[in-house]
Structure formats: structure tokens, C-alpha cells
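Inspection log for the structure reproduced underneath, given as C-alpha cells.
The values are calculated or read from the model by the stated rules, or taken from the named source; none is laboratory data. Just so we're clear, the structure is a prediction, and the values are computed from it rather than from any experiment. Methodologically, a virtual Cβ is constructed for each residue, glycine included, from the backbone with ideal geometry; neighbour enumeration extends over all protein chains shown. All accessible areas refer to the heavy atoms of the entire protein, side chains included, with ligands and DNA or RNA removed. Shrake-Rupley method; radii C 1.70, N 1.55, O 1.52, S 1.80 Å.
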Amino acid sequence: MLALSGVLIIGMVRRQTGTEGFLVGLGLATFPVPLLIAAFCWLDRIEPEPWRNLAFAFAWGACAATLVALVANGFATDWLTANIASTSPSEAEAWGATAIAPIVEESVKAAAVLLLYRFRRSDFDGITDGIVIAGITATGFAFTENVLYLGSAFGQDQSMGHSGLDSLTAGTFFIRIIVSPFAHPLFTILTGLAFGIAATRYPRHRAARTALALLGLLTAVLLHAIWNAASSLGDLGFLTVYGLFMVPVFLTLSWLAIWARHQELLSLRGYLAPYTATGWLSPAEPTALSSLKTRALARDIARQAHGPAAARAVTEYTALATALSFHRRRAHLTGATADFTARERHLLEHLWHYRGWAQPALAEAAQAAHRSAQRARC
């Protein structure tokens with residue numbers, strides 16, 4: 001399905017932009033994608049989401065969601081023009097961008113979050129996963145949309161003989177790539193945030209989960225509609241909405257995402273504590289594993305003492321310990337599943353495989369962190 005939608009969307013965009021415009025748009029639209037994906041991967045580094053989930057999310061946003069949105073938005077604009085006598089084509093486009101497009105686009109992007117929540121539930125551990133999946137999906141959507149906008153702008157510039165910084169292509173690049181590359185991810189993150197809260201706070205209450213998901217989607221639609229409407233307010237109105245509304249929302253959600261990740265990291269202490277009593281972990285490890293700084297220090301210690309292979313062992317060990325913690329947390333929230341014990345045993349056995357290099361490095365890192373904290377208090 002995704003492959004077919006990819007072929008169809010490439011054909012539609014190329015037909016609207018022309019081959020040369022498509023290639024120019026493709027090249028220019030690529031600029032923010034690595035940075036956005038790197039930011040979401042950085043946020044997700046405690047327990048990285050499986051690559052297949054991230055690839056599905058990006059492909060869904062870039063192909064399936066964009067295809068549905070293009071068709072639905074075009075149909076809505078044509079219907080408004082044909083069925084409302086007082087609506088001119090320009091008015092129909094304005095209404096479509098403000099009222100129809102946010103509903104359609106946020107709904108189709110939210111579908112990727114819903115599908116992964118429903119069919120990859122074991123990988124959907126909390127708020128961070130919801131934010132990351134939503135953000136990657138929206139990054140894919142924005143990429144294809146930017147190809148269309150930039151390619152169309154280039155085609156208009158070619159027909160009118162415009163070039164350089166005064167061209168429509170340069171203006172479109174500045175607004176969509178430089179000023180607001182985070183716009184689509186910002187909208188859809190609200191939906192992902194709602195799914196993440198539902199997964200961790202209300203795992204056994206279907207009505208509460210549904211209400212939260214709908215609230216997140218409606219909030220995303222509202223924010224998207226405000227952003228689209230700002231483009232019709234002139235330069236001053238746009239800058240006002242951007243500076244006084246979009247930037248604060250972006251900063252607030254960025255802080256919330258980092259805070260949620262920190263809370264998930266701190267939860268390792270409690271959920272890993274039972275394994276210290278049975279000897280799987282040393283007493284200092286739950287605290288050491290709950291600090292990204294201590295984890296990084298442990299990798300450096302292992303690399304200096306035994307080389308890159310030891311550093312990779314520490315990385316694998318910390319990832320497995322985090323997965324084990326989240327496995328216990330999920331069982332605590334939703335009840336143990338039939339495969340809980342088998343999954344737990346699998347994680348513990350793999351953990352044991354890396355402990356020879358990882359445990360001494362973590363112990364030394366924990367001691368160094370403790371000494372550093374003592375010096376800071378003095």
C-alpha cells in the first residue's frame with residue numbers, strides 16, 4: 001500500500017510541478033529532514049524505537065497521508081467553488097486551507113500514530129514514543145508537501161523569468177524551510193502526546209483513551225488552522241502569530257518532551273530495583289542507568305579501557321536494561337501478559353551476555369558521578 005501510494009504521489013507532484021520543478025523541489029525540501037529526524041532520534045535515545053516503526057511513520061507521512069490530503073483538499077476546494085455561489089476560487093482556496101486542510105491533514109497523519117499504537121503496542125511505551133512517532137510522520141508529510149510547494153514556485157519563476165533572492169522559490173524556501181520547518185511536526189506532536197498519555201495513564205480505560213486521542217487531534221487541528229489562517233493576515237499578522245503564538249507553543253512542547261523523557265529515565269530506578277535483590281543487577285546500577293550523563297561516561301570508560309567493542313557492549317546493556325524496565329512498567333500499568341515471563345527472561349539473558357564489560361564501567365561511572373556531585377555541593 002505504501003509503495004503504491006508512493007508511486008501515485010510522485011506522479012501527482014511531478015504532474016503539478018513538471019520534471020525540472022520536481023527535482024528542484026526535491027533537492028530543496030531535503031534540507032530540514034535530516035535535522036528533524038536527528039532531533040527526534042536524540043529524544044528517543046533512552047530506548048530507541050525500532051527502525052521499522054520509524055520508517056513506516058515517515059513513509060506514511062510522505063506517501064499515504066500526503067496522497068489522501070492532496071485528493072481530499074482538492075475535492076473540497078472544487079466543491080466549495082461549485083456549490084457556494086458567493087465563493088470565488090480564491091475564497092474557496094482560503095476556506096479550504098483554513099477549515100478543511102487542517103482536519104484532513106491532521107487526521108491522516110494521526111492514522112500512523114493510531115496504527116502503531118494498535119499493532120505495535122509492545123513498542124509504544126509512553127509519551128516519548130508518541131511524540132517521536134508523530135513527529136517523524138509529520139516530517140515525512142512536510143517533506144512531500146515542501147517538494148510540491150517549492151517545485152510549483154520554481155515553475156512560476158521560470159515562466160515569469162524571476163530568479164535570485166526576489167524569486168518566489170527563494171521566498172517559499174525561506175518561509176517553509178528556514179522559518180517554519182517544525183510546523184507540521186509541532187501540530188501532529190499534540191496527537192502523539194495524547195496517545196502517549198493514554199498509553200501510560202489510562203491503559204485500562206478505553207473511553208478515557210479515546211477521549212484523550214480525540215482531544216489531541218482536535219488541538220492539533222486548531223493549531224494547524226491558526227497557522228494556516230495567519231498567512232492571510234499580511235506580513236505583520238503572520239509575524240505576530242509566529243512570534244507570540246507558534247514560538248511559545250514550540251518551546252513549551254519541546255520542554256514537555258524533554259521533561260517526559262527525563263521522567264521515563266527516572267522511572268528506571270524503581271522498576272529495575274527488584275533485579276538487584278536477585279543478583280541480575282548490582283545495587284548501584286538502577287541509579288546509574290537513570291542518568292544519561294552516567295551512561296555516556298560508562299561508554300567512555302569502557303572505550304578507553306577495552307576499545308570500541310566494549311563501548312558497544314555498554315550501549316547494548318543500557319538499551320536492554322531500559323527495555324526491561326519499560327517491560328515491567330507496562331505490566332504494572334496494564335497487567336502482565338501471557339508472554340511476560342518469557343520476554344523478561346529473554347531480556348535478562350541478553351543483559352547477562354554484556355555484563356562483563358558493562359557492569360564495571362557503570363560502577364566506575366557511578367562512583368565518578370557521585371564524587372562530582374559531592375564536589376558540587378561543597
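Inspect the stretch 69-83 for any residue being modelled with pLDDT of 85 or more, of a type in the set (Val, Ile, Thr) and either out of contact with any Gly (no Cβ under 8 Å at 6 or more places or on another chain) or surrounded by fewer than 22 Cβ atoms within 10 Å (Cβ to Cβ) (or both) and give the result as yes or no.
Just the residues of the stretch 69-83 that are modelled with pLDDT of 85 or more, to begin with: 69-72.
If we keep only those that are of a type in the set (Val, Ile, Thr) too, we end up with 71.
From what is left, the residues that are either out of contact with any Gly (no Cβ under 8 Å at 6 or more places or on another chain) or surrounded by fewer than 22 Cβ atoms within 10 Å (Cβ to Cβ) (or both) are 71.
Yes, the stretch 69-83 contains at least one residue that is modelled with pLDDT of 85 or more, of a type in the set (Val, Ile, Thr) and either out of contact with any Gly (no Cβ under 8 Å at 6 or more places or on another chain) or surrounded by fewer than 22 Cβ atoms within 10 Å (Cβ to Cβ) (or both).
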Pick from Leu333, Leu320: which is on the phi < 0 side of the Ramachandran plot and modelled with pLDDT of 90 or more?
Leu320
State which residue pairs qualify: first residue of a type in the set (Val, Ile, Thr) and inside the stretch 157-183, second residue outside any helix (DSSP H, G or I) and open to solvent by 30 Å² or more (accessible area, probe 1.4 Å) in any location, beta carbons under 9 Å apart, and separation of 6 or more residues or different chains.
Thr169/His162; Thr169/Ser163; Ile175/Ser231; Ile177/Phe31; Ile178/Phe31
Considering only the stretch 285-348, give the helices (runs of 4 or more DSSP H) lying wholly within it that have at least 2 residues that are touching a residue at least 60 places away in the same chain (Cβ under 8 Å), more than 18 Å from Glu264 (Cα to Cα) and of a type in the set (A, V, I, L, M).
292-306
Among Gly96, Gly126, which is modelled with pLDDT under 95 and farther than 24 Å from Phe75 by Cβ?
Gly126
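Would the stretch 219-229 turn up any residue that is more than 18 Å from the chain's Cα centre (by Cα), free of Cβ contacts under 8 Å to residues at least 12 places away in the same chain and open to solvent by 40 Å² or more (accessible area, probe 1.4 Å)? Please lay out each step first, then the result.
Of the residues in the stretch 219-229, the ones more than 18 Å from the chain's Cα centre (by Cα) are 222, 225-229.
Now restrict to residues that are free of Cβ contacts under 8 Å to residues at least 12 places away in the same chain: none.
No, that holds for no residue.
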Identify, from the list Ala111, Ala134, the residue that is in a helix (DSSP H, G or I), open to solvent by less than 10 Å² (accessible area, probe 1.4 Å) and modelled with pLDDT of 85 or more.
Ala134
Quick check on Leu190: is it within 13 Å of the chain's Cα centre (by Cα), open to solvent by 20 Å² or more (accessible area, probe 1.4 Å) and farther than 23 Å from Ile9 by Cα?
yes
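From the list Arg52, Arg118, Arg45, exactly one residue is open to solvent by 40 Å² or more (accessible area, probe 1.4 Å), not polar (S, T, N, Q) and not in a helix (DSSP H, G or I). Which is it?
Details: Arg52 fails: not in a helix (DSSP H, G or I); Arg118 fails: not in a helix (DSSP H, G or I).
Answer to the check: Arg45.
Pick from Tyr242, Tyr271, Tyr317, Tyr275: which is open to solvent by less than 60 Å² (accessible area, probe 1.4 Å), of a type in the set (Ser, Thr, Tyr) and under 24 Å from Thr98 (Cα atoms)? Working first, answer last.
Details: Tyr271 fails: under 24 Å from Thr98 (Cα atoms); Tyr317 fails: under 24 Å from Thr98 (Cα atoms); Tyr275 fails: under 24 Å from Thr98 (Cα atoms).
Step by step, each of Tyr242, Tyr271, Tyr317, Tyr275 is checked, and only Tyr242 is open to solvent by less than 60 Å² (accessible area, probe 1.4 Å), of a type in the set (Ser, Thr, Tyr) and under 24 Å from Thr98 (Cα atoms).
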